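Below is one structure, written out as structure tokens; the observations come after it.
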Amino acid sequence: YVAAVYEHESILSPAPAVPVERRAALELMGRNLDIYEQQVLAAARQGADIIVFPEDGIHGFNFTRSSIYPYLDFIPHSHSGKWNPCREPYLYNDTEVVQRLSCMALQNKIFLVANLGTKQPCERWEPRCPPDGRFQFNTNVALGADGALLATYRKHNLYFESAFDTPAQPDHALFDTPFAGRFGMFTCFDILFYEPAVSLITQYNLKQIVYPTAWMNQLPLLSAVEFQQAFSTAFNVNILAANIHHPTLGMTGSGIYTPVKSFIYHNMESYGGKLIVAEIPVITADYKTNLEKTPGKVSEKGEGKEQSPPSFYAEMMYDNFTFVPLWGEKGELQVCANSLCCYLNYQKAVLTDELYALGVFDGLHTVHGTYYVQACALVKCGGLSFSTCGQEVTDATAVIDFQLWGNMSTPYIFPLLLTSGITLDFADHMGWKNNHYFLSKNRTSAGLLTAALYGRWYEKD
């Protein structure tokens, strides 16, 4: 099928914390929706069956709970009624945004996924009802090619979003399409947690995911395109990921991902939006995921008498990693922390004056969210001193053959492989063998930035 995602440089309110009238809020959102309209038309002309827009693309961000209120649409959150906002605009008040989205889908005969703010009144006596008498949700809507509202998803894992509430139960949002079967939907920070992302995919055996996001890139392990691809690979799903485009905030990185090929956009230099359209195969459900323990090649460790280089500590992603440096053109390294040991066999195709290190972290990550990580990471350091390992690096020249493995305690391993200029590469082999997860690559396509096994031990969050 043909998929489209649009990385949108949203027109933002100059003073998001200042309350405005609904009319002014609609005027600002209308300017973003005008751009959406052009992109839906462009995608439809290229034969797209579905288009996905980013999180916060219509209303922006940095609101307070009260200042976002005029930007919120009312959307009935139930899977019963077949409501078509374009054809039945009179059914509910305050539905101007979803009406416009519905009409775009209908006029262009395309499935459309977008993110907006929604409100739901509640009675003060209801449990969890906020003092102002309403719930406010960060919501995705999926609209059919006839404009009908197919599914809504209210974001569960909020990322410092004081304007929004968390729904009482995680939504499992699904919708069916004639071209690729069933899609699931979640938002941004959700991708790092079991609920609802992982439970949705495993429970319904999903193979297609739509993913609006407003992601701030954090190298070396959590760049948007890097993690989006790793998620697609780990769960053997297609992901249509639409990010917002605000380079000054470190926000870029969208793509259409299959487990074997990616169509990505990452641009920190220029401004303006970007439409990606790609034809991708429908994944059939009987294909194995990389989470299942399948035998693979792991070279047994030799009886080498080489001394491992000295280990050192450095901060990476706000976590205290234990590292060993890669000295020389080839070697076998090992580094451990807690119960996790990481191993690396490597050979540099070209000797360069760059410092690389193999790092391990096994613990609770506590900055910008709390979640348990087990990571084995081969990274290029920012400079030649140990203290630069873990820094954000975007360019590298060393082409390396490597095999990386670790005795991970969780089945949920995201294989990261990032090359110079924030480009992606695919591993030659990966999977489980003898209770170790491994990742191997002969000759990266460009200089290696990061090769990592990013494990999420959900039970220990």
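For the reader, a short list of remarks on this structure follows.
- Any hit, the stretch 430-453, residues being among the basic types (Lys, Arg) and under 30 Å from Thr202 (Cβ atoms): yes
- Neighbours by Cβ (under 6 Å, 6+ apart or cross-chain): first from the stretch 210-236, closer than 14 Å to Leu192 by Cα and of a type in the set (Asp, Glu); second surrounded by fewer than 24 Cβ atoms within 10 Å (Cβ to Cβ) and modelled with pLDDT of 95 or more: none
- Taken over the stretch 63-75, the criterion of being surrounded by 15 or more Cβ atoms within 10 Å (Cβ to Cβ) and either out of contact with any Ser or Thr (no Cβ under 8 Å at 6 or more places or on another chain) or in a loop (DSSP other than H, G, I, E, B) (or both) is satisfied by Phe63, Arg65, Ser67, Ile68, Tyr69, Pro70, Tyr71, Leu72, Ile75.
- Residue within the stretch 136-157 that is hydrophobic (A, V, I, L, M, F, W, C), open to solvent by less than 10 Å² (accessible area, probe 1.4 Å) and not in a strand (DSSP E or B) present: yes
- Some residue of the stretch 269-278 being outside any loop (DSSP other than H, G, I, E, B), crowded, with 23+ Cβ neighbours inside 10 Å and in the same structural domain as Phe175 (by the TED database): no
- Taken over the stretch 413-430, the criterion of being farther than 21 Å from Gln347 by Cα and either in contact with a Phe, Trp or Tyr (Cβ under 7 Å, 6 or more places away or on another chain) or among the hydrophobic types (A, V, I, L, M, F, W, C) (or both) is satisfied by Ile413, Phe414, Ile422.
- Selection status of Val210, under 21 Å from Ala234 (Cβ atoms), of a type in the set (Val, Ile, Thr) and crowded, with 23+ Cβ neighbours inside 10 Å: yes
- Qualifying residue in the stretch 358-369 (condition: touching an Asp or Glu at 6+ places or on another chain (Cβ under 7 Å), among the hydroxyl-bearing types (Ser, Thr, Tyr) and not assigned by the TED database to the domain that holds Tyr159): no
- Failed item in (1) under 23 Å from Thr152 (Cα atoms); (2) surrounded by 14 or more Cβ atoms within 10 Å (Cβ to Cβ); (3) at pLDDT 95 or above, with Ile11 passing the rest: (1)
- Among the residues of the stretch 85-98, the ones that are crowded, with 20+ Cβ neighbours inside 10 Å and either assigned to a loop (DSSP other than H, G, I, E, B) or free of Cβ contacts under 8 Å to residues at least 60 places away in the same chain (or both) come to 4 in all.
- Residue pairs whose Cβ atoms lie under 8 Å apart, sitting 6 or more positions apart in sequence or on different chains, and linking a residue in the stretch 190-202 that is assigned by the TED database to the domain that holds Tyr371 to a partner that is surrounded by fewer than 22 Cβ atoms within 10 Å (Cβ to Cβ) and outside any helix (DSSP H, G or I), do not occur here.
- Within the stretch 427-461, tally of residues that are open to solvent by less than 20 Å² (accessible area, probe 1.4 Å) and of a type in the set (A, V, I, L, M, F, W, C): 8
- Within the stretch 229-268, the set of residues being assigned to a loop (DSSP other than H, G, I, E, B) and closer than 16 Å to Phe186 by Cα comprises Val237, Asn243.
- Checking Leu424 against (1) in contact with a helix residue (DSSP H, G or I) (Cβ under 7 Å, 6 or more places away or on another chain); (2) open to solvent by less than 20 Å² (accessible area, probe 1.4 Å); (3) among the aliphatic types (A, V, I, L, M), the condition it does not meet: (2)
- Any hit, the stretch 23-41, residues being modelled with pLDDT of 95 or more and in contact with a Leu (Cβ under 6 Å, 6 or more places away or on another chain): yes
- Here Ala24, Ala44, Ala4 are screened, and the one residue that is crowded, with 19+ Cβ neighbours inside 10 Å, of a type outside the set (Ser, Thr, Tyr) and over 25 Å from Trp215 (Cα atoms) is Ala44.
- Screening Leu249 on (1) surrounded by fewer than 21 Cβ atoms within 10 Å (Cβ to Cβ); (2) over 17 Å from the mean Cα position of the chain (by Cα); (3) of a type in the set (A, V, I, L, M) shows it passes everything except condition (2).
- Residue match in the stretch 405-413 (condition: in a strand (DSSP E or B) and surrounded by fewer than 24 Cβ atoms within 10 Å (Cβ to Cβ)): no
The values are calculated or read from the model by the stated rules, or taken from the named source; none is laboratory data. From a predicted model like this one, the values you see are computed outputs, not experimental measurements. Every residue, glycine among them, receives a Cβ derived from its backbone with ideal geometry; neighbour counts consider all protein chains shown. Surface accessibility is based on the protein's heavy atoms, side chains included, excluding ligands, DNA and RNA. Shrake-Rupley method; radii C 1.70, N 1.55, O 1.52, S 1.80 Å.
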